[in-house]
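Chemist: Below is one structure. I have some questions about it.
Values quoted throughout were computed directly from the atomic coordinates according to the rules given, and no laboratory measurement underlies them. A quick note: this is a predicted structure, and the numbers were derived from the prediction, not measured. Reconstructed Cβ throughout: ideal geometry from the backbone, glycine too, with neighbour counts over all protein chains shown.
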Ligand code: MSP
């Protein structure tokens, strides 16, 4: 019998910024679910990818002095590299700039159009570039209700999708399939949004070039969300011919779309409506998780409150990060990220809990039985209690993980780990070992501990693939714990006459303060490297088409307010080699600005210097220090060394540059 399939997806990530812990979290969850489903006997296929079109990407590319494709290539490569470094195993990766994807988007559009759900119309109103959203309910100040950023007024001829025709059908679908949107809170939110009435949705853009062309409509490209959502199908062969489309036929509809809560509307309203219109089956479930919040706010590049996964990976390893993220966040709710909590869990749950259980059990088997796992003898009440605890954990773990309740599932495993550690304390095998008459009892105790460790290790395999593989090997078990069929896992199956392997601690205890310091240091280095990489590189005569594509209007330029500033003080930012903190007089006020120029300029060199400051940027934090403005500098040479823009003549402080 072929295995049942389980097809799941992460959102495809925007390439306008580099990945952080938030993106990593969704991918870690998806990777864990795929591994877990495989252990449950499914043929799991995981798709991830990158969302590369739209105004936001175009703008970020321009800011980095690059063409959008070149820029997208770099960031998409960064994503893949990161997933590889972290050992995250996706099966399919889709980039929306791939030709196979364009073909799929055009195919689905044609199906929707043929069914009569597309009409031409005019859009006049506000637009939020950040969310790529037409804003019908801007705040009184004209800001986007989703992200709070200022919106732009636009007027354009568009093609509209008749979303309004799907209100009842969507509501009926939510009713009939309560599991379609999870958790319940999101389902309620979506239902009341749809009940409030649906307007038709513009799915083409004529002002934008960086997108997939509408077939037969010169000058129009697809709205990024129509484009992006289709990736879930194009990534497995939708729109392809013959054999290439086989996988699509086998895998679609998706069993699970994992998303963050901010994009639930696109997935639970627009996406099913597009699919209904095209006559295609709907995904089975959309699970919207909460946000990782850092320093009280959702992580975002513009706020500067970002945590990157690489430094944590370097200091604690990926398994510890995976464990922490899955254990700490109640799936579906927001959770606040802190290094302190990360290290506390590392030391208490991993080093003292699981790691300690493994090293004690293995060391005693090595010492008292010369490395061969003993056979159990008669079992007493305390041994039976441990077996019962293990059986209970086996059941509750699966129940929780089937329900995507990772935090409680892991809690159940840690209840068993605690019971096993307590069992060792109470049975005192080191005392039994002193008495020859207790040999049979000692055998039972250490067999029980080894069997408990085997079960814990198999259950944790989807969450901590590397560490569990190591412990498995140290226990002398063959193969990989991930190959265990969870349905067959039961107490009492430890293979007889097993010899343990070489013992090496999996989670050595760490000094909390030092570890945090190390992570933060690495983070500062990483940040500096990324800041340097994001600096515009000197353009070496880009092609005419490229220059055309990145031209802006005089109105766009006028939005940037630059003034002459004078440096009043300068000092280094602790822990960041590249950063200087400056106080700059810009005429009307003195601003604190953090600039990545410390490798080129000493603080003394800058005192009294007249420089160019962009004064109307939103403030952001760099290494925890608020920066309120930006210095203008040329980026020189291959390493992008900054050279500050200054004046040939003396100029008045505060004068505007035009
Ligand atoms: N490109 C769209 C998705 C299109 S899917 C057809 C997009 N991309 S994104 O790069 O902004 O990624 C958003 C996703 O990253 C969220 O939905 C979530 O999965 C993850 N996260 C980004 N920041 C996050 C947190 N601070 N916390 C948790 N997850 C977050 O939206």
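Chemist: What is the packing order of peptides 378-386, 649-657, taking the mean over residues of other C-beta atoms within 10 Å and listing the highest first? Display every interim value, and only then the final one.
Modeler: Details: 378-386: 13.2, 649-657: 11.6.
Descending packing order for the listed peptides: 378-386, 649-657.
Chemist: A further question follows. Against the 2.2 N^0.38 Å scaling, with N counting residues, where does region 16-73 land? I'd like the Cα-based Rg ratio to two decimal places.
Modeler: Dividing the Cα Rg of region 16-73 by 2.2 N^0.38 Å gives 1.55.
Chemist: A further question on this structure: Relative contact order for the chain: what is it in percent, counting Cα pairs under 8 Å that are at least 6 residues apart?
Modeler: Averaging sequence separation for qualifying contacts and normalising by length gives 12 percent for the chain.
Chemist: Subtract the Cα-Cα distance of residue 511 and residue 375 from 0.36 nm times their separation in residues, and report this length gain in nm to one decimal.
Modeler: Separation in residues times 0.36 nm, less the Cα-Cα distance, equals 45.1 nm.
Chemist: Could you let me know the centre-to-centre spacing of region 168-202 and region 495-522, using Cα atoms, in angstrom?
Modeler: Each part's Cα centre sits 46 Å from the other's.
Chemist: Determine, at each q value in 0.16 (inverse angstroms), the log₁₀ of I(q)/I(0) that the Debye formula gives when each Cα of region 109-164 is one equal point scatterer.
Modeler: Debye intensities relative to I(0), on a log10 scale: -0.57.
Chemist: I would also like to ask the following. What 222 nm value per residue comes from the helices of the chain, counting each DSSP H run with n ≥ 4 as -39,500 (n - 2.57) and dividing by all residues, nearest 500 deg cm²/dmol?
Modeler: About -12500 deg cm²/dmol.
Chemist: With a Förster radius of 35 Å, plug the Cβ-Cβ distance of residue 656 and residue 636 into 1/(1 + (r/R0)^6) and report the FRET value to the nearest 0.05.
Modeler: With a Förster radius of 35 Å, E is 0.85.
Chemist: Over the Cα atoms of region 1-98, Rg to Rh with Kirkwood Rh, two decimal places?
Modeler: Ratio of gyration radius to Kirkwood radius: 1.06.
Chemist: While we're here: Enter the angle in degrees (range 0 to 90, nearest 10) between the Cα long axis of helix 99-114 and the first principal axis of the Cα atoms of the chain, meaning the one along which they spread out most.
Modeler: The answer is roughly 80 degrees.
Chemist: With a point put 7 Å past each Cα toward its Cβ, work out how far residue 552 is from residue 605 in nm, to one decimal.
Modeler: 2.8
Chemist: Rounding to the nearest 10 and keeping the result within 0 to 90°, find how far the Cα-based axis of helix 406-427 lies from the longest principal axis of the chain.
Modeler: Its long axis makes an angle of about 30 degrees.
Chemist: Relative to the longest principal Cα axis of the chain, at what angle does helix 439-460 sit, 0 to 90 degrees, rounded to 10?
Modeler: That helix lies at roughly 20 degrees to the long axis.
Chemist: Now a separate question. May I have the extent of the alpha carbons of region 194-261 along their three principal axes, as whole Å values ordered from largest to smallest?
Modeler: 37, 35, 20
Chemist: Now, a different point. Give the calculated FRET efficiency between residue 525 and residue 43 to the nearest 0.05, with a Förster radius of 51 Å applied to their Cβ-Cβ distance.
Modeler: Efficiency computed from Cβ-Cβ geometry: 0.80.
Chemist: How much FRET efficiency would the formula 1/(1 + (r/R0)^6) give for residue 363 and residue 341, where r is the Cβ-Cβ distance and R0 is 45 Å, rounded to 0.05?
Modeler: The calculated FRET efficiency here is 0.90.
Chemist: Just how many % of Cα pairs in region 343-465 lie over 19 Å apart, if you round to the nearest whole percent?
Modeler: That fraction is 47 percent.
Chemist: Also: Full extension from residue 418 to residue 241: what is 0.36 nm times the residue separation minus their Cα-Cα distance, to one decimal in nm?
Modeler: Full extension from residue 418 to residue 241 adds 58.2 nm.
Chemist: For a protection proxy built on the mean count of beta-carbon atoms within 10 angstrom, sort 345-351, 426-432 highest first, please. Walk me through the intermediate numbers first.
Modeler: On the way: 345-351: 19.9, 426-432: 15.6.
My ranking of the peptides, most packed first, is 345-351, 426-432.
Chemist: Further question: Output the direction-averaged projected area (hull surface divided by four) of the convex hull of the alpha-carbon atoms of region 318-374, in nm².
Modeler: Seen from a random direction, the Cα hull of region 318-374 projects 5.1 nm² on average.
Chemist: Based on alpha-carbon centroids, what's the gap between region 395-441 and region 582-658 in Å, whole number please?
Modeler: So the two Cα centres are separated by 59 Å.
Chemist: Please list 559-572, 44-57 highest first by mean number of surrounding beta-carbon atoms within 10 Å per residue.
Modeler: Working: 559-572: 17.8, 44-57: 25.1.
So the order, starting with the most tightly packed, is 44-57, 559-572.
Chemist: Let me ask another. Looking at the chain, what % of the alpha carbon pairs are farther apart than 48 Å?
Modeler: 26
Chemist: While we're looking at this one, here's another question. When only Cα pairs under 8 Å and 6 or more residues apart are kept, what is the percent relative contact order across region 398-458? It would help to have the intermediate numbers written out before the result.
Modeler: Values: 25 pairs, mean separation 18.6, N = 61.
Result for region 398-458 is 30 percent.
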